[in-house]
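K.L.:
Please read through the structure below; I'll follow up with questions.
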Amino acid sequence: MKKLFLAAGALLISGATFSQTLSSATSTTKYGLKAGVNLPTYRITSGSTSYDTQSALNFHVTGFADVPVGGNFSFQPGLSLQGKGTKNTYAIANQEFKRTENTLAIEIPLNVVGKIPVGPGKLFLGAGPYIAGTIAGNIKQQINNGTETSTDMEFGNDNTDDQKVLDYGANFLGGYQFDTGLLIGGGYGFGLANLRPNGDSNNKINNRVWSFSLGYMF
């Protein structure tokens, strides 16, 4: 657990320092805050077979800086609290089981965003890498007779752990920014890190996350 909080603290400090450096470099830097719904899944790879699990329901909250870099482009570093996970339903001996994993990560996205003036605002499209540290999670299992169990997840690189701490990948986002500062957007997170402890190319778990958000640019 100590390693989890050290990783989260390092991500928080580096993200805050990076945003402060950028804001001092330009007087036109703006700041935004957005929040919304996540629909996360896992991409499971076992041997030559890969498949996506059912989507769970989670949330995200993200603060970010908007730094103009020329033309209609901006650089948007941020600091985000991201809920991820998955949901599965299966049957054993005429009993239906529902298994839900919910994880919580501190994430640093580094996106480049292009903006096109349209109507009373701007359309925007962007992409960039992210790095994240998972700080908590639990597994809930329900049986159709009403029995429910909940277990805290363990994070690390040992065979007894549920997932690795470190996650990284690519973000893709788009939406509309009104001149008033209101933001409406969506995105997709494509995880590249193998989250399975001691996994390999034939034994992988990767995050996949659709997101929808409302926000405001100050």
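The values are calculated or read from the model by the stated rules, or taken from the named source; none is laboratory data. Predicted model only: the values in this text are computed from it and were never measured. Here the Cβ is made from the backbone with ideal geometry for all residues, glycine too, and neighbour counts use every protein chain on show. Note: areas computed on protein heavy atoms with side chains; ligands, DNA, RNA excluded. Shrake-Rupley method; radii C 1.70, N 1.55, O 1.52, S 1.80 Å.
K.L.:
Search the range 27-44 for residues that are within 16 Å of ASN206 (Cα to Cα) and pair each with any residue that is among the small types (Gly, Ala, Ser) when their beta-carbon atoms are under 6 Å apart and the residues are at least 6 apart or on different chains.
P.N.:
As it stands, the answer is ASN38/GLY83; ASN38/SER211; LEU39/SER55; PRO40/ALA56; PRO40/GLY85; THR41/SER55, since those pairs meet every condition given.
K.L.:
Pick out the one residue from ALA35, ALA65 that is modelled with pLDDT of 90 or more and open to solvent by 20 Å² or more (accessible area, probe 1.4 Å).
P.N.:
Values: ALA65 fails: open to solvent by 20 Å² or more (accessible area, probe 1.4 Å).
After applying the criteria, what remains is ALA35.
K.L.:
Among the strands (runs of 3 or more DSSP E) lying completely within the range 44-109, list those that include at least 2 residues that are among the polar types (S, T, N, Q) and touching a strand residue (DSSP E or B) at 6+ places or on another chain (Cβ under 6 Å). So that I can check it myself, show each step before the final result.
P.N.:
Working: elements: 49-52, 58-70, 73-92.
Of the strands (runs of 3 or more DSSP E) lying wholly inside the range 44-109, those with at least 2 residues that are among the polar types (S, T, N, Q) and touching a strand residue (DSSP E or B) at 6+ places or on another chain (Cβ under 6 Å) span 58-70, 73-92.
K.L.:
If you don't mind, there's one more thing I want to ask. Are any residues in the range 74-91 surrounded by 15 or more Cβ atoms within 10 Å (Cβ to Cβ) and more than 20 Å from the chain's Cα centre (by Cα), and if so, which ones?
P.N.:
Result: SER74, single match.
K.L.:
Which of the strands (runs of 3 or more DSSP E) contained wholly in the range 111-213 include at least 1 residues that are touching a residue at least 12 places away in the same chain (Cβ under 8 Å) and buried (at least 19 other Cβ atoms within 10 Å of the Cβ)?
P.N.:
Working: elements: 121-143, 148-152, 166-178, 182-191.
The strands (runs of 3 or more DSSP E) meeting that bar are 121-143, 166-178, 182-191.
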